[in-house]
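One structure is given below, encoded as structure tokens.
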Amino acid sequence: MHGGLLSVTATDLQVLHGLFNNAAKRRYYGVPIKTKFSNEIAIRLIIGCAYLISSRLDITIQPKFVDNDMHYYRVYLKILNRPEQEDRMGFIIFCRQCGMRKTVKSIVNECELCKGKIETAGPLWIDKIFDKDFVATMKDQVNNLTVNKKCDVILEKCYDESDLQPTYFTLDEIASRMKSAPLKLDLAIQKLQDSGFNASRTSLNPTGFRTNCQINDILKIFGN
């Protein structure tokens, strides 16, 4: 139905987290990789699968919200009865050697930062997974409903991260590379913002943050 909302739930988390790549390719038309942000890769594979199926039917999907707080992943998609005009599929590349990660439209084999070997997830959805206006409406309704107290906190994170780029970093990942104790999340985000970068918490990981800062610059900023 045009303008309707479709909810898609996936419970096969082992497949989506990279334990059975052949099964992932059959079910989701793409493959994951094992990373600290595997849940985001999984969510983008689910949306990408829905996008590919909808394209064959000459309809469009628009992701509105994603949920990964339980033992499943769920995505909420708006359905529009018109063909998609823009290709929103691509790949997430990851360098295990230096921690570089980014989205690309075509596969590359060498890390742009350290020349290390690249691991590739996809094809998958590389556009936004949260609709900022939709999340704002959800936030406005929280006080009118009987919901868990943490709901408002989660929605605030979703709202803040909605405009930022795909993939996130975690504090323990950065601390491991720096061989030091992890920073407090608020301090880490403040350091990035003070250095001129965009940064916010992510709803997908309690110690995670999104930023448009590359890993090499993050290490320099956190080291100061």
- Given springs between every Cα pair under 10 Å in a Gaussian network model of the chain, which of VAL147, VAL15, VAL31 has the largest fluctuation? VAL147
- Hey, which lysines would be in cross-link range of LYS191, C-alpha to C-alpha under 24 Å, not counting anything within fewer than 8 residues on its own chain? LYS36, LYS102, LYS157, LYS179, LYS220
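Rounded to two decimals, what is Rg over Rh for region 130-171 when you use alpha-carbon atoms and the Kirkwood radius?
Numbers: Rg = 11.6 Å, Rh = 11.2 Å.
Radius of gyration over Kirkwood radius for region 130-171 works out to 1.03.
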- In µm²/s, what is D for region 132-223 at 10 °C and 1.306 mPa s, where D = kT/(6 pi eta Rh) by Stokes-Einstein and Rh is the Kirkwood radius from Cα pairs? 113 µm²/s
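According to the square roots a ≥ b ≥ c of the eigenvalues of the Cα gyration tensor, what is the shape class of region 48-130, taking rounded for a/c under 1.5, prolate for a/b larger than b/c otherwise, and oblate for the remainder?
Working: a/c = 3.18, a/b = 1.71, b/c = 1.86.
Here region 48-130 falls in the oblate category.
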- Which values of log₁₀ I(q)/I(0), to two decimal places, follow from the Debye formula for region 23-66 at q = 0.22, 0.25, 0.33 Å⁻¹ with a uniform point scatterer at every Cα? -0.77, -0.90, -1.15
- Note on the structure: Free-by-geometry Cys in the chain, Cβ-Cβ under 4.7 Å as pairing rule, reported as CYS49, CYS151, CYS158, CYS213
- Message: Over the Cα atoms, compute the radius of gyration (one decimal) and Dmax (the largest Cα-Cα distance, rounded to a whole number) for the chain, in Å.
- Response: 17.7, 54
- For the chain, modelled as a GNM with alpha-carbon contacts under 10 angstrom, which of ARG56, ARG177, ARG201 fluctuates the most? ARG56
- Item | Paramagnetic reach from VAL153 in region 163-177 [backbone N under 19 Å; point 7 Å along Cα→Cβ] | 170-172
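Want the number for HIS2 to ASN144: 0.36 nm per residue separation, take away the alpha-carbon distance, what's left?
Working: separation 142, 0.36 × 142 = 51.12 nm, distance 2.77 nm.
Result: 48.4 nm gained on full extension.
Show me the helices of the chain, taken as full DSSP H stretches, that run 18 Å or more along their long axis by Cα and average -1.0 or above in Kyte-Doolittle hydropathy. Don't skip to the answer; put the middle values down first.
Working: long enough: 38-56 (27 Å, 0.85).
TM-like helix candidates: 38-56.
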- Query: If you count, for each residue, the other Cβ atoms within 10 Å and average over each peptide, how do 160-171, 16-27 line up from highest to lowest?
  - Reply: 160-171, 16-27
- Summed over the other residues with a beta carbon less than 15 angstrom from that of ILE61, with K and R at +1 and D and E at -1, the charge totals +2
- Note on the structure: Taking the chain and counting helices only, DSSP H stretches of n ≥ 4 at -39,500 (n - 2.57) each over all residues, the nearest-500 ellipticity at 222 nm comes to -10500 deg cm²/dmol
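Read-outs: derived from the displayed coordinates by stated rules, not from any lab. Treat the numbers as computed from the prediction; the structure is a model and nothing was measured. No Cβ is skipped: glycine too gets one built from the backbone with ideal geometry, and neighbour counts run over all protein chains shown.
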